[in-house]
Amino acid sequence: MSRISMGTLYVVATPIGNLEDLGARAARVLGEVALIAAEDTRHTRQLLRHLGLATPMLSLHDHNEAARVEQLDVRLVEGDDIALVSDAGTPLISDPGFVLVRELRARGRRVVPVPGPCALVAALSAAGLPTDRFLFHGFLPAKPSSRRQRLEALKRHAETLVFYESPHRIRATLEDLQVVLGERRLVLARELTKTFETFLEGTALALLARMEDDPDQARGEFVVMVSGAESNGVDVPGSVEAEALLEALLAEGVGVKQTAAVAARLLGGGKKSWYERAQALKPSR
Ligand code: SAM
């Protein structure tokens with residue numbers, strides 16, 4: 001009895017602007033697979049044309065992803081290899097593909113990454129902000145009240161914050177960053193790998209002023225990077241919410257040392273300064 005071996009889903013990163021960034025392995029895989037599942041087949045057709053390829057394609061986007069799972073899985077079971085691509089960069093990173101990959105992995109299928117361009121990694125690699133720990137947040141909500149709420153929740157994180165943003169909302173987002181996070185160092189990476197690639201640095205207010213002077217600076221695609229909250233623990237323990245947390249833990253009979261450890265874990269900052277603050281707040285008997 002002949003047994004067909006199962007196909008593989010290759011998750012292939014494609015350029016974010018500069019076609020030279022397509023890796024040799026990515027190009028080979030796109031030529032060898034039986035089918036390419038593409039976020040927008042018209043967009044990917046241009047890339048294939050550039051590579052001199054005519055691999056068959058099928059659309060896979062947010063609105064049909066769940067329905068495509070069965071269809072693609074049948075092809076894998078029949079032994080066909082498939083490539084998953086998005087319009088730009090790495091699939092699943094603020095792009096479709098998560099449902100497909102999760103489902104196929106749950107079914108024990110082979111899913112193989114073919115790494116390459118990704119706007120957030122490219123931006124961080126050249127921004128000069130700390131990269132040892134960062135918090136990628138994709139796109140902030142479009143609704144102003146939800147956006148501010150989300151920023152409030154991120155306010156105390158000591159990690160570098162990374163967002164994707166479109167030209168339609170870049171100004172509004174910078175305004176909210178200024179209002180909610182206050183004076184922080186920002187780096188704005190615009191049009192990465194393209195002709196008008198720019199890195200701008202400064203406070204949100206300074207960047208807004210720059211866009212006022214030169215409206216071109218508000219055009220294109222953006223990665224917004226924001227330095228994390230002061231991690232020396234001096235500012236963080238002083239906030240009203242932090243004090244409330246410390247007081248609540250101490251009132252429950254949690255020791256000063258454990259209170260400091262919980263606060264440092266939840267809110268960031270150094271244990272030593274949390275310890276000093278908790279010690280000062282400890283109710284006297
Ligand atoms: N999957 C992609 C990746 O790996 O980066 C991201 C896709 S997401 C739908 C598109 C967003 O990524 C843009 O709105 C922008 O924030 C960011 N982005 C993509 N290409 C970019 C570029 N060349 N320069 C700056 N930001 C870019």
Q: List every residue pair whose Cβ atoms sit under 9 Å apart, with the two residues 6 or more apart in sequence or on different chains, where the first one lies in region 181-194 and is in contact (Cβ under 8 Å) with a residue 40 or more places away in the chain and the second, anywhere, is assigned to a loop (DSSP other than H, G, I, E, B) and among the hydroxyl-bearing types (Ser, Thr, Tyr).
A: Arg184/Thr203; Arg184/Ser227; Arg185/Thr203; Arg185/Ser227; Leu186/Thr203; Leu186/Ser227; Val187/Ser227
Q) Between residues in region 253-276 that are part of a loop (DSSP other than H, G, I, E, B) and residues that are of a type in the set (S, T, N, Q), which pairs lie under 8 Å by C-beta distance while being six or more apart or on different chains? A) Gly268/Ser231; Gly269/Ser231; Gly269/Asn232; Gly270/Ser231; Gly270/Asn232
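Select from region 200-218 the residues that are within 16 Å of the ligand (Cβ to nearest atom) and over 20 Å from the mean Cα position of the chain (by Cα) and write down the one among them that is nearest to Ile170 (Cα to Cα).
The extreme case among them is Ala218.
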**Q.** Leu161 being away from the ligand (no atom under 12 Å from the Cβ), part of a strand (DSSP E or B) and closer than 19 Å to Leu188 by Cα
**A.** yes
Q.
Please determine whether any residue of region 92-114 is part of a loop (DSSP other than H, G, I, E, B), surrounded by 15 or more Cβ atoms within 10 Å (Cβ to Cβ) and polar (S, T, N, Q).
A. yes
Q: Inspect region 124-143 for any residue being on the phi > 0 side of the Ramachandran plot and more than 10 Å from the ligand (Cβ to nearest atom) and give the result as yes or no.
A: yes
Q) For Arg107, all conditions in the list (1) touching a helix residue (DSSP H, G or I) at 6+ places or on another chain (Cβ under 8 Å); (2) within 16 Å of the ligand (Cβ to nearest atom) hold save one; what is the number of the exception? A) (2)
Q) Only one residue in Arg68, Arg28, Arg45 is without any contact (Cβ under 8 Å) to a residue 12 or more places away in the chain, in the same structural domain as Pro91 (by TED's automatic domain parsing) and among the charged types (D, E, K, R), so which one is that? A) Arg28
Q: State all residues of region 164-199 that are more than 10 Å from the ligand (Cβ to nearest atom) and of a type in the set (D, E, K, R); if no residue qualifies, say none.
A: Arg171, Glu175, Asp176, Glu183, Arg184, Arg185
Q | Hits in region 58-85 - residues which are of a type in the set (A, V, I, L, M, F, W, C) and part of a helix (DSSP H, G or I) | A | Ala66, Ala67, Val69, Leu72, Val74, Leu76, Val77
Q: Could you list, in sequence order, all residues of region 74-126 that are free of Cβ contacts under 8 Å to residues at least 40 places away in the same chain and among the acidic types (Asp, Glu)?
A: Glu103
Q. Here are some residues: Asp73, Asp87, Asp80, Asp62. Which one is surrounded by fewer than 13 Cβ atoms within 10 Å (Cβ to Cβ) and not assigned by TED's automatic domain parsing to the domain that holds Lys194?
A. Asp62
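The values are calculated or read from the model by the stated rules, or taken from the named source; none is laboratory data. All values reported here derive from a predicted model rather than from experimental measurement. Cβ: placed from backbone, ideal geometry, glycine included. Neighbour counts: every protein chain shown.
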